[in-house]
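Here's the structure, in structure tokens; my notes come after.
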Amino acid sequence: MNRPIGYLLKQITDKMKMSADASFKEKNLTFAQARVLEYVMGKGGNTTQKLIEEYLDVSHPTVVGIVSRMEKNGYLTCYMDKKDKRNKIVEITEQAVLASHELEEGRIAQEKKLLKGLTNEEIEKLYHMLCTIRKNIE
């Protein structure tokens, strides 16, 4: 019996998250924290907490908790924006830079594992189909 596509996507996502959490555990990071790290790195090493909220699409208290734990564990430093006191600036540390390189290697390995056995043409088609599915649910 064929399972619904939504169920298969959920299973894939759950297994990827479990695998990622296991590999991040040794660095004292969670999947959500690794996403924050990736986002802040992509922003040149610093951004506002508000932009992280928008990126993760989660509430302010959730981001405060994530950022606070990351700051406590040495991955981020935070300070008030001198130009606008309502903004909290989040900046990566050297420890975060080192960890992000390892996390990127892990992400690439996970992607290879995920796509193993597919041709380049199949990967391209899959990518476009998944983009369409994502657009359909927005």
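Annotations
- Per the Cα gyration tensor, the range 1-76 maps to an equivalent ellipsoid with semi-axes of 27, 15, 11 Å, ordered largest to smallest.
- Counting all C-alpha pairs of the range 83-138, share separated by more than 12 Å (%): 78 percent
- Largest GNM mean-square fluctuation across Tyr39, Tyr55, Tyr75, computed for the chain with C-alpha springs under 10 Å, falls on Tyr55.
- Proximal lysines relative to Lys112, as straight alpha-carbon distance under 17 Å, when same-chain residues fewer than 8 apart are discounted: Lys15, Lys17, Lys125
- In the chain, the longest principal axis of the Cα atoms and the axis of helix 94-115 are about 10 degrees apart.
- For the range 126-138, Karplus couplings with θ = phi - 60° (6.51, -1.76, 1.60), whole Hz, Gly/Pro x: 4, 4, 5, 5, 5, 5, 5, 4, 4, 4, 4, 9, 6
- Note on the range 29-112: Rg/Rh from Cα positions, Kirkwood definition for Rh, rounded to two decimals, is 0.97.
Values in this text are rule-based calculations from the coordinates and carry no lab data. Just so you know, these numbers come straight off a predicted model, no measurement behind them.
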